[in-house]
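Notes follow once the structure below has been shown.
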Amino acid sequence: MRRRRQPQDDLHNKERWLISYADFITLLFAFFVVMYSVSSVNEGKYKVLSETLTGVFNAPQRSFQPIEVGDQPRRPAVSVSEDVIPPVVTEAPRNPEQDARQRTEDLRDMANQLEIEFGDLINRGVVTLETNDRWLALNLPDSLLFGSGDAEPHYDAFGVIEKISGVLRNRDNAVKVEGFTDNQPIRTPRFPSNWELSAARAAAVVRMLDMEGIEPERLAAVGYGQHQPVARNDTEEGRRRNRRVVLLISRDASIRGVMR
């Protein structure tokens, strides 16, 4: 006997419960999402609210003192003879010549301290110290602070700068750090010429002085490259003398006025 086919509409009607079930699950999920969002606390907003309320309740009273009503006791009248006139303090005029002499004495005292700190190196001719009434110049060979062709201070440089900083600390003298090289060309990605090398070495010394507590407004760095030699560059000894860093310490406090 031939089996009777069910109509297509009957199949659709039997599967409609899936649509209702899917809608129910979606609504149930949305319900739980809403419940979770309502129950969760925004920690950031809660913290802001808590700090605001704490500031309000802990704030000092800003109201004015109440005005007292009633008879107030009269203050006794002060006669003209009882008035106390504060004495007028007049500052004595400064004597520029006296100030200059004092600063010159302070500069010599700094020179004496540097001679004590670097006495052995000065006696051996490694370090030189030049002084006059307006400035002193501490001449350091580059090998005392840096490696060959480099501007990164090596380990021994920190001890040298520490000694110098001990003399400069608690003063206001301006300090200009000058970098010099020999005439041997250098062409690296970091130092295309001796200008960059000498300036980088001077800046490194300034940075170390700053790290030791010397006020940065007292400091300046300048690089001269190979163009200010103190010896001939055709000998190894001359080139060694030309590779140097000089600390020019001024008698005065103005860094812009540091001149040789």
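Of all residues in segment 212-260, those satisfying the criterion of being under 16 Å from residue 200 (Cα atoms) and β-branched (Val, Ile, Thr) are 222, 245, 246.
Return the residues of segment 183-215 that are at positive phi and of a type in the set (Asp, Glu); say none if nothing qualifies. If the condition is that a residue be at positive phi and of a type in the set (Asp, Glu), then no residue fits. The number of residues in segment 88-144 being in a helix (DSSP H, G or I), at pLDDT below 90 and either under 30 Å from residue 159 (Cα atoms) or among the acidic types (Asp, Glu) (or both) comes to 2.
Considered as a group, the residues in segment 100-135 that are surrounded by fewer than 17 Cβ atoms within 10 Å (Cβ to Cβ), in contact (Cβ under 8 Å) with a residue 60 or more places away in the chain and out of contact with any helix residue (DSSP H, G or I) (no Cβ under 6 Å at 6 or more places or on another chain) include one that is nearest to residue 230 (Cα to Cα), and that residue is 134. Beta carbons closer than 7 Å, at least 6 apart along the sequence or on distinct chains, pair a first residue in segment 220-239 that is under 30 Å from residue 256 (Cβ atoms) and free of Cβ contacts under 8 Å to residues at least 60 places away in the same chain with a second that is surrounded by 15 or more Cβ atoms within 10 Å (Cβ to Cβ) and acidic (Asp, Glu) for 222/178; 224/178; 226/182. Of the residues making up segment 159-182, those that are among the aliphatic types (A, V, I, L, M) and more than 18 Å from residue 255 (Cα to Cα) are 160, 161. Kindly indicate the residue of segment 220-241 that is surrounded by fewer than 21 Cβ atoms within 10 Å (Cβ to Cβ) and among the polar types (S, T, N, Q) and also farthest from residue 209 (Cα to Cα) among those meeting that condition. In this case the residue turns out to be 235.
Residue-by-condition table, conditions (1) buried (at least 16 other Cβ atoms within 10 Å of the Cβ); (2) touching a helix residue (DSSP H, G or I) at 6+ places or on another chain (Cβ under 6 Å); (3) under 26 Å from residue 104 (Cβ atoms); (4) of a type in the set (Lys, Arg):
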position	(1), (2), (3), (4)
147	no, no, no, no
173	yes, no, yes, no
192	no, no, no, no
208	yes, yes, no, no
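The values are calculated or read from the model by the stated rules, or taken from the named source; none is laboratory data. Note that the structure is predicted; figures quoted are calculated from it, not measured. Reconstructed Cβ throughout: ideal geometry from the backbone, glycine too, with neighbour counts over all protein chains shown.
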